[in-house]
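Enquirer: Following this message is one structure expressed as structure tokens.
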Amino acid sequence: MALYALTVTIANVSLPQMQGALSATQDQIALVVTFNIVATAVATPLTGWLTARFGQRRVLLTCVATFTLATLMCGFAGSLEMLVFFRVLQGMCGAPLAPLSQSIVLASYPISKRGTATAIFGMGVVLGPLIAPTIGGYLSEEYSWRWVFFMIVPIGVISLLGCWAFVADGVRGARVRLDWTGFIALSVAIGCFQLLLDRGERNSWLESPEIVLEICAAALCFYIFIVHTFTADKPFLNPRLFLNRNFVLGMSLTLVFGLLNFTPMTLLPGLLQNLRGYPDGIIGLLLGARGLGTLLGFMVLFFGNKYDPRIWLVLGFSLQGASGLMMSQFDINLTTWDVASASFVQGLGTGFLWVPLTLVTFNTLPQSLFPEGSSIFHLLRNIGSSAHISISVALVLHSAKVNYGHLTEAVTPYAKAWKMPTNAGAWDLESVETLARIGGEVQRQGLMIGYINAFHFYTLTALVSLPLIMMVRMKKTPPPESSRDPAPTPAPRSAKSA
């Protein structure tokens, strides 16, 4: 689980260095993150079919081995296209690791010990965001961005040896037929949707034939998927799942959770390095504060899980909104404390949300629908993450262009600011060097406003979830036998009645 979590978070800290080394723009380098998440989302629902057909041992060994090889090739990639390709392969091979690992843990312990086992297993979720930015930032600064991938390879080899030595094949289920029509339609729809989000701002959205074609393809494939789901005998996703009120609300909250999950970790490295000049090592430490917050949230929830999960959902999403509000107050002179405190609060909210989201989503769902429900759970979470990252990056770039135009209107030789004593001798408006410095500063200020707008959008996204939480209904747990009223003693039967 730590191996999977490392992959999702470790590349973020080195995005600015990758951008410079591969001659990419900010929206292009974001593909390294978004396409990896999309590949994970598309491949996750295949886990059940792969396990039933080939067995959990064979699937796990193949996925870990291919995942490790793809990670190694990411480090050797010489172009952006090759890096994105191997990140897609990495996401597809890493998708079964989380659900398979979780199912193996649950199957290995009796019900009485599953709570403790799950709590220890949950540390894998925390370890990735905690150590990946810190170590990845140090390696990236001391050596190069390629080492953020090379450092995962030894962990992958150790995981492969551990799976080979200790993981049994398990009991295979009945042979399951995969609904290829539904799977392909959903995969193409998600891929086209993500592609138009990533390339829309660069290609001027609907003015580009490519974007129009991607919109049409996504809409057509999604229409085919919906129609096929409600008409096929055994569709890719069971439509009965959406008849459960709590499951639908839980999926909506999971989507919002996904929207919020990785956006700050993608935006902050570019902001800190491009606008403030922070080295990768410091950026990694600041992003590592998120992992500390998540760890604290897990520890608090370990002792507080007896309370209503809706309380933790409200608190978790409120903390996410609070962190967004803190980031929206950043200016061009932000400090390390500003970033670390906002990252910690965001991580704390994440730690409060994971377990309650699972409880609310599956509280009233029949156990027979758990496998398919779990697939949709991870699918929506990953789609939300990739979509929100792409929209936020597009918002940053669009706002930067618009605000650059607005700010340059005030930069004229007739502006009163140039006549102030503090500015009169510092700027020579007839010098080409001075004009270049003024243009660079206006560009920095416009880009900063773009980041602030993205953080406002993040805050509003977090607050959208609060009305949904009020609609959740939890199934009441029956009291234990010892706490119930003793049953009345039956009256002795008379001889006549006997």
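Enquirer: Tell me the label-point distance for the pair Lys419, Arg245, using the 7 Å Cα-to-Cβ offset, in nm and rounded to one decimal.
Expert: Result: 6.9 nm between the two label points.
Enquirer: Taking the Cα-to-Cβ direction at Ile158 and at Ala107 and moving 7 Å from each Cα, how far apart do the two end points lie in nm?
Expert: Spacing of the two 7 Å Cα→Cβ label points: 2.5 nm.
Enquirer: I would also like to ask the following. Under the 0.36 nm per residue contour assumption, what length would be gained going from the current alpha-carbon distance of Val411 and Glu430 to full extension?
Expert: On the way: separation 19, 0.36 × 19 = 6.84 nm, distance 1.34 nm.
Full-extension gain reported as 5.5 nm.
Enquirer: Also, quick follow-up: Can you tell me how much longer the chain between His228 and Arg202 gets when fully stretched, taken as 0.36 nm per residue apart minus their C-alpha distance, in nm with one decimal?
Expert: Values: separation 26, 0.36 × 26 = 9.36 nm, distance 3.41 nm.
So the extension gain works out to 5.9 nm.
Enquirer: Per-residue counts of other Cβ atoms within 10 Å, averaged by peptide: what ranking do you get for 132-138, 337-343, 49-55, 402-408, highest first? Numbers along the way, then the final one.
Expert: Values: 132-138: 25.3, 337-343: 19.9, 49-55: 18.1, 402-408: 14.7.
Ranked by mean Cβ neighbours within 10 Å, highest first: 132-138, 337-343, 49-55, 402-408.
Enquirer: Placing +1 at every Lys and Arg Cβ and -1 at every Asp and Glu Cβ, with all other atoms neutral, what dipole size does region 1-167 have around its Cα centre, in debye to the nearest 20? Could you put the intermediate results ahead of the total?
Expert: On the way: 7 positive and 4 negative charges, 143 e Å.
It works out to roughly 680 debye.
Enquirer: Given that just one value was derived from the coordinates, which of (i) 46, 27, 23; (ii) 33, 32, 21; (iii) 35, 27, 20 is semi-axes √(5λ) of the Cα gyration tensor in Å?
Expert: Step by step, semi-axes √(5λ) of the Cα gyration tensor in Å for this structure corresponds to label (i).
Enquirer: Return the FRET efficiency for the residue pair Tyr143, Thr25: r is the Cβ-Cβ distance, R0 is 30 Å, and the value is rounded to the nearest 0.05. List each step's numbers first, then the result.
Expert: Details: r = 24 Å, r/R0 = 0.82.
Calculated value: 0.75.
Enquirer: Further question on the same structure: List the DSSP H helices in the chain whose Cα atoms stretch 27 Å or more along the helix axis and whose mean Kyte-Doolittle hydropathy is at least -1.0.
Expert: Values: long enough: 56-76 (30 Å, 1.14); 123-142 (28 Å, 0.89); 180-199 (28 Å, 1.27); 209-231 (33 Å, 1.67); 280-304 (36 Å, 1.62); 309-328 (28 Å, 0.91); 336-362 (40 Å, 1.04); 370-408 (57 Å, 0.47); 432-470 (60 Å, 0.76).
Answer set is 56-76, 123-142, 180-199, 209-231, 280-304, 309-328, 336-362, 370-408, 432-470.
Enquirer: Additional query: Mind giving me the FRET efficiency for Arg437 and Leu213? R0 is 45 Å, r the Cβ-Cβ distance, nearest 0.05 is fine. Provide the component values of the computation, followed by the final result.
Expert: Values: r = 43 Å, r/R0 = 0.95.
My answer for the efficiency is 0.60.
Enquirer: Give the shape of region 288-338 as rounded, prolate or oblate, defined through the alpha-carbon gyration tensor: a ≥ b ≥ c are the square roots of its eigenvalues, a/c under 1.5 means rounded, and otherwise the shape is prolate if a/b is larger than b/c and oblate if not. Show your work: numbers first, answer last.
Expert: Numbers: a/c = 5.55, a/b = 1.95, b/c = 2.85.
It comes out oblate by the Cα gyration axes.
Enquirer: For every helix of n ≥ 4 consecutive DSSP H residues, a contribution of -39,500 (n - 2.57) applies; sum these over the chain, divide by its total residues, and give [θ] at 222 nm rounded to the nearest 500 deg cm²/dmol.
Expert: Values: 22 runs with 367 residues, N = 498.
Helix-only estimate at 222 nm: -24500 deg cm²/dmol.
Enquirer: Would you kindly state how much longer the chain becomes between Ile332 and Met299 on full extension, computed as 0.36 nm times their sequence separation minus their alpha carbon distance, in nm to one decimal? Don't skip to the answer; put the middle values down first.
Expert: Numbers: separation 33, 0.36 × 33 = 11.88 nm, distance 3.50 nm.
Gain on stretching Ile332 to Met299: 8.4 nm.
Read-outs throughout are calculated quantities, based only on the coordinates presented, and are distinct from any laboratory measurement. Bear in mind that the values here come from a model prediction, so they are computed numbers and not experimental data. Cβ atoms come from the backbone with ideal geometry, glycine included; neighbour counts cover every protein chain shown.
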